[in-house]
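A.B. asks: Before I ask anything, let me first share the structure, which is written out below as structure tokens.
The values are calculated or read from the model by the stated rules, or taken from the named source; none is laboratory data. Since we're looking at a predicted model, the values are computed, not measured. Here the Cβ positions follow ideal geometry from the backbone for every residue, glycine too, while neighbour counts run over all protein chains shown. Accessible surface areas use protein heavy atoms only, side chains included; no ligands, DNA or RNA. Shrake-Rupley method; radii C 1.70, N 1.55, O 1.52, S 1.80 Å.
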Amino acid sequence: MSRTTRTLCKTLDQVAANNETAAIAVMRAAEASNDQVLKQQLLNVIHRLNVDATLLQAARQEVASEGLKRA
């Protein structure tokens, strides 16, 4: 696996982890909110962060497997 591929995989892993961490922080804020409209908006944000994290992880797997095929 090339250095570029390793760097890209590391970056994708980090961004996915950051999304997951942000989703947890937003979840805590949603739980603390008494405003139902705000709570629903925050839950939508959490969902999008988690979907994006999943997509980033899938892209990382694809990049890694392509990098191994070329090595």
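Table: residues versus (1) part of a helix (DSSP H, G or I); (2) within 10 Å of the chain's Cα centre (by Cα); (3) not hydrophobic (A, V, I, L, M, F, W, C).
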{"site": "Ala25", "(1), (2), (3)": "yes, no, no"}
{"site": "Ala29", "(1), (2), (3)": "yes, no, no"}
{"site": "Leu43", "(1), (2), (3)": "yes, no, no"}
{"site": "Ile46", "(1), (2), (3)": "yes, no, no"}
{"site": "Leu49", "(1), (2), (3)": "yes, yes, no"}
{"site": "Asp52", "(1), (2), (3)": "yes, yes, yes"}
{"site": "Leu56", "(1), (2), (3)": "yes, yes, no"}
{"site": "Ser65", "(1), (2), (3)": "yes, no, yes"}
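A.B. asks: If you check Leu38 against the conditions, is it surrounded by 13 or more Cβ atoms within 10 Å (Cβ to Cβ) and of a type in the set (A, V, I, L, M)?
C.D. replies: no
A.B. asks: Please work out if Lys39 is of a type in the set (D, E, K, R) and over 23 Å from Met1 (Cβ atoms).
C.D. replies: Yes; evaluated as a whole, the condition is true for this residue.
A.B. asks: Might you check whether a residue that is open to solvent by less than 70 Å² (accessible area, probe 1.4 Å), among the aliphatic types (A, V, I, L, M) and modelled with pLDDT of 95 or more occurs anywhere in the stretch 3-11?
C.D. replies: Scanning the stretch 3-11, I find no residue that is open to solvent by less than 70 Å² (accessible area, probe 1.4 Å), among the aliphatic types (A, V, I, L, M) and modelled with pLDDT of 95 or more, so the answer is no.
A.B. asks: On the basis of being more than 30 Å from Lys69 (Cβ to Cβ), within 15 Å of the chain's Cα centre (by Cα) and β-branched (Val, Ile, Thr), does Val37 make the cut?
C.D. replies: no
A.B. asks: Next up: Kindly list, by first and then second residue, each pair from a residue in the stretch 40-65 that is in contact (Cβ under 8 Å) with a residue 60 or more places away in the chain and of a type outside the set (Val, Ile, Thr) to a residue that is assigned to a helix (DSSP H, G or I) and open to solvent by 90 Å² or more (accessible area, probe 1.4 Å), limited to pairs with Cβ atoms under 9 Å and residues at least 6 apart or on different chains.
C.D. replies: Qualifying pairs under 9 Å: Ala64/Arg6.
A.B. asks: Sticking with this one: Lys39 fails exactly one of the following numbered conditions: (1) in contact with a Ser or Thr (Cβ under 6 Å, 6 or more places away or on another chain); (2) at pLDDT 95 or above; (3) closer than 30 Å to Leu8 by Cα. What is the number of that condition?
C.D. replies: That leaves (3) as the condition not met.
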